[in-house]
1. Among the listed residues Gly187, Gly160, Gly170, identify the single one that is in contact (Cβ under 8 Å) with a residue 12 or more places away in the chain, surrounded by 21 or more Cβ atoms within 10 Å (Cβ to Cβ) and out of contact with any strand residue (DSSP E or B) (no Cβ under 8 Å at 6 or more places or on another chain).
2. How many residues does the stretch 5-44 hold that are surrounded by 13 or more Cβ atoms within 10 Å (Cβ to Cβ), at pLDDT 75 or above and not in a helix (DSSP H, G or I)?
3. Of (1) touching a Gly at 6+ places or on another chain (Cβ under 7 Å); (2) touching a residue at least 60 places away in the same chain (Cβ under 8 Å); (3) closer than 30 Å to Thr71 by Cβ, Ala197 satisfies all except one. Which?
4. Here are some conditions: (1) open to solvent by 30 Å² or more (accessible area, probe 1.4 Å); (2) closer than 20 Å to Leu236 by Cβ. Ala140 meets all but one. Which one does it not meet?
5. (1) among the charged types (D, E, K, R); (2) at pLDDT below 95; (3) more than 21 Å from Thr129 (Cβ to Cβ): which one isn't true of Asp226, the others all being true?
6. Out of the residues in the stretch 82-101 meeting the condition of being out of contact with any Lys or Arg (no Cβ under 8 Å at 6 or more places or on another chain) and open to solvent by less than 20 Å² (accessible area, probe 1.4 Å), tell me which one is farthest from Gly160 (Cα to Cα).
7. Taking into account only those residues within the stretch 293-303 that are touching a Leu at 6+ places or on another chain (Cβ under 6 Å) and open to solvent by less than 10 Å² (accessible area, probe 1.4 Å), which is nearest to Pro176 (Cα to Cα)?
8. Which one is modelled with the lowest pLDDT among residues in the stretch 50-88 that are more than 20 Å from Phe283 (Cα to Cα) and of a type in the set (S, T, N, Q)?
Amino acid sequence: GGGGVSELPEARRVAGVLVGMPYVVPFGTRLQLLRRWLVTQREGLAAEQLAAAALAGWHNPIEVRRGSLLTDAYSELRGLGRGWRLPLRVRFFSAEGGEEAGVGEGIAKEFLVDVLREGFDPSFGLFATGTEGGLYPDPAARMSHAAAGASARSWYEFLGAVLAKALWEGILVELPLAPFFLSLLLGRTNTVHDMPAFDAQLARSLRLLRDYDGDVEDLCLSFAVDQYTAEVPPELRRTHSLVPGGASLRVSASNRSQYILHLSHYRLNTQLRAAADAFLRGFAQVVPREWIRMFSVAELQLVLGGSDAPLNVADWRQHATYSGGYHADSP
């Protein structure tokens, strides 16, 4: 369930059809549909909802310090639920404590973009970069001290909501999300064919193993792998069995294809699932998940923030929403 679809019965019906056969409708038309649904939802926030939010202690505007933007944003906004759909107003304070001028739409846009840029930065410890430069949840994130003491899962939920809020407000965010991560957000399962974007070296090794014509058992592989590919302290290293009793099951010519399938599934699905589910939980508080599932992986990257892929600029301009002082002629 993606919470909120029921508010637009037409959207539920159309999204249901398009999830099953999206490509019968051109991408530009599906994008237009999504934008129309979002505008309808934004305009439909009734006055009583806003009043109820005020009674529930909704801090508006929120206050964040430049030097600790991400942690301030997290402490102010985590657990907001459907409150994410309400207008967001932000007051910035300098490192010295002085308030900066402005709390309008442009400030809120700057805030959302900056939170996403910092939260997805691999140096913060929640996301890693695949071989092709795409960002995905770092399986070792829960051991990172960068995440300010909170559970990594609650951070993923928070950042999922922030990304959906940007989409809700019509703000394009340049985040190169890994295709296999987007695939999980779309409810799809990755396969060995998605491995090069994750780890090109591992993808090559698996191809060599598949085609190896020597004695496979000489390679001394078993159906168990290191849990984390990233550098972690020795005391936190773990081995994961790909099948029951995997540590004592040698890889041979007869079972190597199963090994390749199991290893790929573990790295590209199992290991990323909890983080992707948390991210999607946060996202769906703002934008129903059914509404993004009518897009392909490449299309979703465009929907969220454009990319280096070829794009029909005239079509994009026609469907773009400008806010915060921006307009069609802005540079």
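The values are calculated or read from the model by the stated rules, or taken from the named source; none is laboratory data. Computed from a predicted model, the values in this text were never measured in an experiment. Heads up, the Cβs are rebuilt from the backbone with ideal geometry, glycines too, and the neighbour counts pull from every protein chain shown. Keep in mind that these areas ignore ligands, DNA and RNA; they rest on the heavy atoms of the full protein, side chains included. Shrake-Rupley method; radii C 1.70, N 1.55, O 1.52, S 1.80 Å.
1. Details: Gly187 fails: surrounded by 21 or more Cβ atoms within 10 Å (Cβ to Cβ); Gly170 fails: surrounded by 21 or more Cβ atoms within 10 Å (Cβ to Cβ).
Residue meeting the stated conditions: Gly160.
2. Going through the stretch 5-44 one residue at a time, the tally reaches 1.
3. (3)
4. (1)
5. In the conditions (1) among the charged types (D, E, K, R); (2) at pLDDT below 95; (3) more than 21 Å from Thr129 (Cβ to Cβ), Asp226 misses (3) alone.
6. Only one residue tops the list, namely Val90.
7. So in the stretch 293-303, the residues touching a Leu at 6+ places or on another chain (Cβ under 6 Å) come out as 293-294, 297, 300.
Pick out the ones that are also open to solvent by less than 10 Å² (accessible area, probe 1.4 Å) and you get 294, 300.
On the way: Met294: 20, Leu300: 11 Å.
Ranking the candidates gives Leu300 first.
8. Asn60
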